[in-house]
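Notes follow the structure.
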Amino acid sequence: MDEDPRMTRREFLARKVRCAGMLALGGGVGALVPKAAKGGTLWQIDPEKCIACEKCATSCVLAPSAVKCIHAYGMCGYCELCFGFFEAQPSSLDEGAENQRCPTGAIKRTFIEDPYYEYIIDEKLCIGCGRCVKGCITFGNGSMHMQISHDVCVHCNQCAIALVCPAQAFVRVSADQSYILKNQPSEQGGR
Ligand code: SF4
Ligand code: SF4
Ligand code: SF4
């Protein structure tokens, strides 16, 4: 039987700390479950259905959107030419803004060892446009994908993005397993 790709909120937050090193955690497990959804369900995006249409950036009731790009490091090829990071025809493979696909500079590119580079999303800068996801699923491994950040989402009864999503990618998930990540066994170990 396939492994359940859903993660608990605690696992998700722990992963964000491990991968991005930018989130300070406080409180216990109970504090990590959104009050608006205790005992219930939350909206989330099924990354296998999402086509990165860019509506997540413009249709959320919040600005910037509660939808963010998440990077599944266990699937990433650590490519020098990452089409999540670079425009389709970059003038050169450097980090100049003119070469980057992300409109807000939310993706940090770091050299690891020849020829590998790591790509880390700064959630605070991400507006959920999905441009990086489009590039990654079109030309790469599809390791970048969209998720609703439950740190930010206000848990509308009817998600405004779900109403316009052309891929019917929005689903209700249990509040204690509120993220659907593209998991590979190696991702569970983290980096
Ligand atoms: S391209 Fe869009 S979705 Fe991807 S990191 Fe930048 S702002 Fe977020
Ligand atoms: S439930 Fe509301 S706040 Fe959350 S992603 Fe949907 S529209 Fe945005
Ligand atoms: S509206 Fe649907 S298809 Fe478009 S980016 Fe959001 S989840 Fe993906």
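The values are calculated or read from the model by the stated rules, or taken from the named source; none is laboratory data. Computed from a predicted structure; not experimentally measured. Using ideal geometry, Cβ is built from the backbone for each residue, glycine included, and neighbour counts are taken over all protein chains shown.
Return yes or no: is HIS155 within 17 Å of LYS68 (Cα to Cα), more than 16 Å from ligand 1 (Cβ to nearest atom), touching a Ser or Thr at 6+ places or on another chain (Cβ under 9 Å) and not hydrophobic (A, V, I, L, M, F, W, C)?
The answer is no for HIS155.
Report yes if some residue within the range 70-80 is within 11 Å of ligand 1 (Cβ to nearest atom), in contact with a Leu (Cβ under 7 Å, 6 or more places away or on another chain) and outside any loop (DSSP other than H, G, I, E, B); otherwise report no.
yes
Among the residues of the range 117-141, write down those that are touching a Lys or Arg at 6+ places or on another chain (Cβ under 7 Å) and assigned to a loop (DSSP other than H, G, I, E, B).
Once the filter is applied, which keeps residues that are touching a Lys or Arg at 6+ places or on another chain (Cβ under 7 Å) and assigned to a loop (DSSP other than H, G, I, E, B), the range 117-141 yields ASP122, GLU123, CYS126, GLY128.
Tell me yes or no: at least one residue of the range 42-54 is modelled with pLDDT of 90 or more, more than 25 Å from ILE137 (Cα to Cα) and surrounded by 20 or more Cβ atoms within 10 Å (Cβ to Cβ).
For the range 42-54, residues modelled with pLDDT of 90 or more, more than 25 Å from ILE137 (Cα to Cα) and surrounded by 20 or more Cβ atoms within 10 Å (Cβ to Cβ): present.
Identify all residues within the range 119-161 that are free of Cβ contacts under 8 Å to residues at least 60 places away in the same chain and away from ligand 2 (no atom under 16 Å from the Cβ); write none if there are none.
Of everything in the range 119-161, those that are free of Cβ contacts under 8 Å to residues at least 60 places away in the same chain and away from ligand 2 (no atom under 16 Å from the Cβ) turn out to be TYR119, LEU125, GLY135, CYS136, THR138, PHE139.
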